[in-house]
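Student: Here it is, the structure, as structure tokens.
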Amino acid sequence: MHVLKITIKLFIALLILILISGSLGGYFIWKHFSQNLPDVQELKEVKFQTPLRIFSADGKLIAEYGEQRRTPIDYDQIPEHLIQAILAAEDSRFFDHFGVDIKGLARAGYQLISGSDVQTGGSTITMQVAKNFFLTPARTLERKFTEILLSLRIEKELTKQEIMELYVNKIYLGQRAYGVQAAANIYYGKDISELTLAQIATIAGLPKAPSAANPVSNPRRSIERRNWILGRMLSLGYINDQEYSEAIIEPEIARYHTSDIELSAFYVAEMVRAEMFRLFGEEAYLDGYSVTTTIESDLQTASDQALRKGIRAYGERHGYHGPEAQIKILDTDTEEELSQKLREHTTFADLQAALVINVGERDATVLLRNGEKAELSWDTLKWARKHINVNSLGPAPTKASDIVAIGDVVRVIIMDDERLEFSQLPKVQGAVVALETDTGAIKALSGGYSFAMNNFNRATQAYRQPGSTFKPFLYAAAIDGSYTAATVVNDAPIVIEDVSLQGEWRPENSSRDFSGPTRLREALYRSKNLVSIRLMRDIGVQLARDKIVEFGFEAERTPANLSLSLGSSDATPLQLTAGYAVFANGGYKVEPYFIQAIHNENNPVVLPENSGNAFMETNAGLNASNRESMRIIQASTAYILADILKDVIRRGTGRSALSLNRPDLAGKTGTTNSQRDVWFSGFNRDIVATAWIGFDQPAPLGRREFGGTAALPIWIEFMQTVSKHYPVKEFERPSDVRTVSVDPNTGLLAYPGQSNAIPELFRQGSEPSRRANSPEARQQGSVIESIFDY
């Protein structure tokens, strides 16, 4: 009642103002309130707060950031029935009055005084525009007077169409929806042009009371408001009797539609959000930026799935850690009450919580978050031996009760065929990243099992030791110089005393054996540690380290000591992937980037000078005029390294990748000391990808975990999808690369008729000059001598 009295007083005051507006008193009132009026011209250049939207390269929505959901539309995009519904609901004389509707004010005042329900207010659409853009919602006489004066000025400066366009894009319509297009999306999941007459009337009825008349939370009140507007439209001649009759019986089907996220790529979305905020500050969330990333949706989905599958496989190999929690189930508990308790446990990616409510001999029944029951079969339970430590498991279970008990909160995955798979929250983590070898465009990036579980992006933020995946960079430094793939180095025990390594160091091969004189090709694909150490020492530690840094590694994280030859530096999966791109693209360094384009109101955004390497515009690319300035190794070196790394798959630790049946694949496994990090980096001519597995806090993964057993299967799974997008494409052979037959033991030229001779690649001019059977060769050999040799 108090609010009603204030409204009546305001109404009477407004009538008085209008009546005296032509008198001397009206002049002074006008003079007083018009002195500080805002500039109405601002409305002609108004920028609506619209969210930041992020898309994949193929146009799928990845994320949306911003408090207000809004999609501005032009006047000619507003359906005619919507304009009519707004007029019927808010201001039927909009196209006739001059900003203030005296008849409308009188009608509202009469409804107030008579105590009847007020269906139309005294404010015109122009007055609402004035209030929404320039004024506060305070219910004071001063604010009302200012609103009227502003409305008169708006009508003078803008057309009716421009005013209506401002109105339909600005108004708040509940559920974070600002503007009619956002409301259509949120309540009906449709474009405004696709709404029925009844739905249009519902939207038009929201400005008066977006909460009370909300079709989701209060459908009864919403239908009443809708039908009143439809009746007004009928009486005003906007619709006919048949249209009216059909619309008022239409059921209300509104429900809350979240942003139509089409691609799950939360780690990428956060990378874009952070970069946009760095460049544009808070305006990044308000100014309607649309960002197109380099991400391909199929590859991103495959990356996520491959990583999760690999992480779960590791977990199953190391046993079941037990239930996540225990819920005491009372006889009085309803299934809805139990489901509500389950909802306290967040769903992480495909892992949702389930409550064990019955345990059979070799199966169990669980209750899901949605209240449904499901069965866990023995086939999905039997892997769950008790975890003791990373190297030990309990006995194999023989019945379901060895694994679960009533009241256990466990994790399950609903498979595509509706089958339920028993699982657990992962203890280990990982990353997958893939980029185009020529451009550096990131095509897929998975920074962990679930962004909701932990938003730490391991693909870009986890600095880990790369182990043997680092060796190709050392070998590239050697072959780019005076060494060849046939150079023989002694694979024998060695003891090193190095102050920087804090004393005596006795490195070993992972196989714990020694092969004696070994060609560099064989040493790399068999990952011989002792050969790598001798090679780096012979090149010179500082020289080798400086060359390795050129591949894109951070100098301060790349130590200048012999341990670097075994991958003791710190690098992220993304850095390692970009380094491997050099072998695939012919020797050129690339800068990874993930933003392809930015638009604002459909116009390209000119990037600021500090945009950095996240953007395509700042990445020189291999087709640019300065291509050769990006070269860091000779084309022949890149080709020979790629061919050696093919041998990793053909006959080395990457043989599992032969299952992909592609002759153009190359790569390298990596495993660090105590199996703290396991890797596989691999590539073909077009795309390079890295898979990594490890604990967030470095710790041993288990003595049977290696790059070839834990990381390579993830890479293979991902590459199955890559193969659909990138057909077989061999590396371009440089014109200066020669194939020469050599002796497999000495690396020297094969003698005529030698039956065990093997072909080897050489840069022209680097071929051996001596024959393997010459007296000189037998006396001197070609083993690199070392003062550290036994």
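Student: If you take the residues of the range 53-82 that are more than 20 Å from Ile192 (Cα to Cα), surrounded by 14 or more Cβ atoms within 10 Å (Cβ to Cβ) and out of contact with any Asp or Glu (no Cβ under 7 Å at 6 or more places or on another chain), which of them is modelled with the lowest pLDDT?
Tutor: Result: Gly66.
Student: Now for a separate question. Across the range 280-317, which residue is farthest from Gly59 (Cα to Cα) among those that are hydrophobic (A, V, I, L, M, F, W, C) and surrounded by fewer than 19 Cβ atoms within 10 Å (Cβ to Cβ)?
Tutor: Ala313
Student: Further question on the same structure: I'd like the residue in the range 378-404 that is out of contact with any strand residue (DSSP E or B) (no Cβ under 7 Å at 6 or more places or on another chain) and not in a loop (DSSP other than H, G, I, E, B) and, out of all such residues, is surrounded by the most Cβ atoms within 10 Å (Cβ to Cβ).
Tutor: Asp402
Student: Still on this model: Looking at the structure I just gave you, is Arg464 under 21 Å from Ala560 (Cβ atoms) and either at pLDDT 95 or above or crowded, with 16+ Cβ neighbours inside 10 Å (or both)?
Tutor: Judged against the criteria, Arg464 is a match.
Student: Which residues, taken from the range 670-688, are part of a strand (DSSP E or B), among the polar types (S, T, N, Q) and more than 16 Å from Gly702 (Cβ to Cβ)?
Tutor: Residue satisfying the conditions is Ser681 alone.
Student: Out of the range 231-245, which residues are surrounded by 14 or more Cβ atoms within 10 Å (Cβ to Cβ) and either farther than 30 Å from Phe95 by Cα or free of Cβ contacts under 8 Å to residues at least 60 places away in the same chain (or both)?
Tutor: Of everything in the range 231-245, those that are surrounded by 14 or more Cβ atoms within 10 Å (Cβ to Cβ) and either farther than 30 Å from Phe95 by Cα or free of Cβ contacts under 8 Å to residues at least 60 places away in the same chain (or both) turn out to be Gly231, Leu234, Glu243, Tyr244.
Student: Test Ala254 against the criterion of being more than 27 Å from the chain's Cα centre (by Cα), over 30 Å from Ile54 (Cα atoms) and crowded, with 20+ Cβ neighbours inside 10 Å, and give yes or no.
Tutor: Against the criterion (more than 27 Å from the chain's Cα centre (by Cα), over 30 Å from Ile54 (Cα atoms) and crowded, with 20+ Cβ neighbours inside 10 Å), Ala254 does not qualify.
Student: Looking at the structure I just gave you, is Ala108 of a type in the set (A, V, I, L, M, F, W, C), closer than 25 Å to Ile186 by Cα and either surrounded by 15 or more Cβ atoms within 10 Å (Cβ to Cβ) or modelled with pLDDT under 85 (or both)?
Tutor: Taking the combined requirement at face value, the residue does not satisfy it.
Student: For Asn169, all conditions in the list (1) farther than 19 Å from Ile253 by Cβ; (2) touching a helix residue (DSSP H, G or I) at 6+ places or on another chain (Cβ under 7 Å); (3) crowded, with 19+ Cβ neighbours inside 10 Å; (4) not charged (D, E, K, R) hold save one; what is the number of the exception?
Tutor: That leaves (2) as the condition not met.
Student: Then there's this: Within the group Glu270, Glu262, which residue is outside any helix (DSSP H, G or I), under 27 Å from the mean Cα position of the chain (by Cα) and either modelled with pLDDT of 95 or more or more than 19 Å from Arg411 (Cβ to Cβ) (or both)?
Tutor: Just a single option satisfies the conditions, and that option is Glu262.
Student: Inside the range 314-368, can you point out the residues that are touching a Ser or Thr at 6+ places or on another chain (Cβ under 6 Å) and part of a loop (DSSP other than H, G, I, E, B)?
Tutor: Ala349, Asp363
Student: Which numbered condition trips up Glu375, out of (1) in a strand (DSSP E or B); (2) assigned by TED's automatic domain parsing to the domain that holds Leu351; (3) surrounded by 15 or more Cβ atoms within 10 Å (Cβ to Cβ); (4) out of contact with any Gly (no Cβ under 7 Å at 6 or more places or on another chain)?
Tutor: (3)
Student: Among the residues of the range 184-243, write down those that are touching a strand residue (DSSP E or B) at 6+ places or on another chain (Cβ under 7 Å) and assigned to a loop (DSSP other than H, G, I, E, B).
Tutor: Once the filter is applied, which keeps residues that are touching a strand residue (DSSP E or B) at 6+ places or on another chain (Cβ under 7 Å) and assigned to a loop (DSSP other than H, G, I, E, B), the range 184-243 yields only Pro210.
Student: May I ask you to list the residues in the range 714-744 that are part of a loop (DSSP other than H, G, I, E, B) and of a type in the set (Phe, Trp, Tyr)?
Tutor: Tyr726, Phe731
Student: Also, quick follow-up: Considering only residues that are on the phi > 0 side of the Ramachandran plot and in a helix (DSSP H, G or I), which ones fall in the range 273-294?
Tutor: Matches in the range 273-294: Gly281 only.
Student: Considering Gln175, Gln181, which residue is under 17 Å from Pro51 (Cα atoms), touching a helix residue (DSSP H, G or I) at 6+ places or on another chain (Cβ under 7 Å), of a type outside the set (D, E, K, R) and in a loop (DSSP other than H, G, I, E, B)?
Tutor: Going through Gln175, Gln181 in turn, just one is under 17 Å from Pro51 (Cα atoms), touching a helix residue (DSSP H, G or I) at 6+ places or on another chain (Cβ under 7 Å), of a type outside the set (D, E, K, R) and in a loop (DSSP other than H, G, I, E, B): Gln175.
Student: So, one more: What residue, among those in the range 83-105 that are surrounded by fewer than 16 Cβ atoms within 10 Å (Cβ to Cβ) and of a type outside the set (Asp, Glu), is modelled with the lowest pLDDT?
Tutor: Per the stated criteria, the residue is Lys103.
Student: Among the residues of the range 114-136, is there at least one that is modelled with pLDDT of 75 or more and within 27 Å of Ala247 (Cα to Cα)?
Tutor: yes
Student: Looking at this structure, is Arg676 over 19 Å from Ala571 (Cβ atoms) and in contact with a Leu (Cβ under 9 Å, 6 or more places away or on another chain)?
Tutor: In short, no.
The values are calculated or read from the model by the stated rules, or taken from the named source; none is laboratory data. For clarity, every value in this text was computed on a predicted model and none was experimentally measured. Backbone-built Cβ (ideal geometry, glycine too); neighbour counts: all protein chains shown.
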